[in-house]
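Inspection log for the structure reproduced underneath, given as structure tokens.
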2 protein chains.
Amino acid sequence: MVRWEPGAPARLQQAALELFATRGFEQTTAAEIAQSVGLTERTFFRHFSDKREVLFYGQQLLVQAFLDGVATAPPDAAPMDVVAAALASAAAFFPADRRAHSRIRQSVIDQNPALQERELHKLATLATTLADALRARGVDELTATLAAESGVTVFGVAFTRWIREDEQRSLAEIETDVLGQLRALTG
Amino acid sequence: MVRWEPGAPARLQQAALELFATRGFEQTTAAEIAQSVGLTERTFFRHFSDKREVLFYGQQLLVQAFLDGVATAPPDAAPMDVVAAALASAAAFFPADRRAHSRIRQSVIDQNPALQERELHKLATLATTLADALRARGVDELTATLAAESGVTVFGVAFTRWIREDEQRSLAEIETDVLGQLRALTG
DNA sequence: CACCTCGAAGTCAGTCGCTGTCATCACTAC
DNA sequence: GTAGTGATGACAGCGACTGACTTCGAGGTG
């Protein structure tokens, strides 16, 4: 006789997304999410630092994908080429069969300013992490910051297009297109 | 006999900044801010939608400065040149004698994640507003978005440098430098 | 001067996000 | 079997924020 079902964080995360999508973020209390999977509010906050964080569980894996991409670039690659490699690596985290889930999640975020703020903060953290990785390769600070910020901007714009209903291309293709547009813009 | 002292929002804003700077953001309650200027917590929330917002009062003026800058650019200017004009206009909002105040305010923000999230959200709103202004000039959506995001990135990086202790240049000069670096990076 | 309206603020009760603290109890190691 | 260990429950409490209602000086109207 097990005392608790395993995988509490994952169960909470899934229940939260479903409740947010149907009832709305603000109309869903942390206690309700916990109750829906047989746990208490206190346990919810043991797994997630706050109510919004339950939607960003696993974000660290995306950051790691970017860093892995940086590592694959040849040592003498130009900063923006390193960023391109990072983007390609990150795109692998969003295969076509994940689009439906991403769409639902994003629609929840788009409907709530508090969630948008958290998402922006996650992207900003990603940008600084990426900048650190570039500096570790010998890129000067200003260039590293600008390249990293540009890379995250490209990712954000590409991701937004990727989940559009009328979009057919893969995230990697869209990223390449957007990055090309950015290069054309400033050249 | 006046019933209330005038300028409640401004008084609350100043008191809040002082309390945040000395005691810290989380260690200061909304009721304390209100009491320190002879008002109640309820009145605080009538003027500001939430506790963080008191630090971002007047942000709309900065957005307007960007838009004014866009309006000064000649109709046939390239997107990034329009952005450069917007940046120049925005720089006028931060004269040298405002650096001390900006530094204090930014140090408060830098010490609290919740405030950083709000700041990022304000910058994101600025970027979309700027993109809208570019599209109104006939720039296509993707180009407008990328140019606007790049402009806001340049502004953020330049502003961060401007308030550094070892920095002597004006914000406008720094912006020009950073924008040049960005152009070199992607060209 | 009496009257009325309006607007900015006060009062009060309540919900919810979040935290500290302590108790519980299946499971594990020795 | 005895002593942890770790995930959870129970409970009290603070602070952010809101809704509903009240208060009262200022300014206009007759």
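Computed from the coordinates by the stated procedures, all read-outs in this text should not be read as laboratory data. Nothing here was measured: the structure is a model prediction, and the numbers come from that model. No Cβ is skipped: glycine too gets one built from the backbone with ideal geometry, and neighbour counts run over all protein chains shown.
Two numbers describe the Cα atoms of chain A: Rg and Dmax, which are 18.6, 66 Å.
Let me know the charge dipole size of the protein assembly as shown about its Cα centre in debye, to the nearest 20, where only the beta-carbon of Lys, Arg (+1) and Asp, Glu (-1) is charged.
960
Note that the protein assembly as shown shows a convex hull volume over its alpha carbon atoms of 183 Å³ per residue. Counting, for every residue in A:139-148, the Cβ atoms of other protein chains within 10 Å of its Cβ and taking the mean gives 4. Round to the nearest 10 and give me the degree value, 0 to 90, for the angle of helix B:99-110's Cα axis relative to the longest principal axis of chain B. Once rounded, one gets 80 degrees. Relative intensity of region A:76-187 on a log10 scale, I(q)/I(0) at q = 0.14, 0.15, 0.20, 0.22 Å⁻¹, equals -0.60, -0.69, -1.12, -1.26, per a Debye sum over C-alpha point scatterers of equal strength in the absence of solvent. Per residue, the convex hull around the alpha carbon atoms of region A:113-154 comes to 51 Å³. What separates the B:Glu141 label point from its copies, with the point 7 Å along Cα to Cβ, is 3.9 nm, written shortest first.
A dipole drawn for region B:80-187 from +1 and -1 charges on Cβ atoms has a positive end, and of B:Phe93, B:Phe155, B:Leu126 the residue lying farthest that way is B:Phe93.
For A:Arg183 and B:Asp76, the FRET efficiency from 1/(1 + (r/R0)^6), where r spans their Cβ atoms and R0 equals 22 Å, is about 0.50.
Under the criterion of Cα pairs below 8 Å and six or more residues apart, the relative contact order for chain B equals 19 percent.
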